[in-house]
């Protein structure tokens, strides 16, 4: 089930997916599996790569010769107000096979580990189940055709991104983006 909210930033598109958990927030703070909904965060890779270059950080896999468009930045459990994070410290380790299997959606092992530690541990799922959920939720969202299979870098405005996502995902409606 998709919940409705809207707003697009230049570097990310967040899509909200419902989870049937009770509304009380304070007693659930940072308890694995206790949250209201997920946010699927998609990062616009060209912006990430441009910013990384400006910071002088080492090149990332997603900034290689093959340009990426939108990549999964994370699947974030959320409360109606706020969000849990780092629900298990230390976080259960991720098997290398899981990391390898996610590189098509999240093209940086470091990103996969960071997102698991900060957000995945709050899902209440095993690493395998969490990343399977990431893959399933991402499969629901259709990336607009103009942002798929890039041959060269592309620069777009946030309004153009929002319009393209709404057009490609009419079932989500304008309020699903924020």
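Using 0.36 nm per residue, how much length does the chain from residue 89 to residue 30 gain when fully extended, once their Cα-Cα distance is taken away?
Details: separation 59, 0.36 × 59 = 21.24 nm, distance 1.08 nm.
That pair, residue 89 and residue 30, stretches by 20.2 nm at full extension.
If packing is taken as the average number of other Cβ atoms within 10 Å across a peptide's residues, how do 28-41, 84-97 rank, most packed first? Walk me through the intermediate numbers first.
Values: 28-41: 18.3, 84-97: 13.8.
The peptides rank, most packed first, as 28-41, 84-97.
Taking 22 Å as R0, compute the FRET efficiency from the Cβ-Cβ separation of residue 155 and residue 110 and round it to 0.05. Could you put the intermediate results ahead of the total?
Numbers: r = 26 Å, r/R0 = 1.16.
That pair, residue 155 with residue 110, gives E of 0.30.
How much length, in nm to one decimal, is gained on full extension between residue 163 and residue 80, taken as 0.36 nm per residue of separation minus their Cα-Cα distance? Present the calculation step by step, with values, prior to reporting the outcome.
Details: separation 83, 0.36 × 83 = 29.88 nm, distance 2.58 nm.
Full-extension gain reported as 27.3 nm.
Read-outs: derived from the displayed coordinates by stated rules, not from any lab. Please read all numbers here as calculations on a predicted model, not as lab measurements. Positions of Cβ are backbone-derived with ideal geometry, glycine not excepted, and every protein chain shown enters the neighbour counts.
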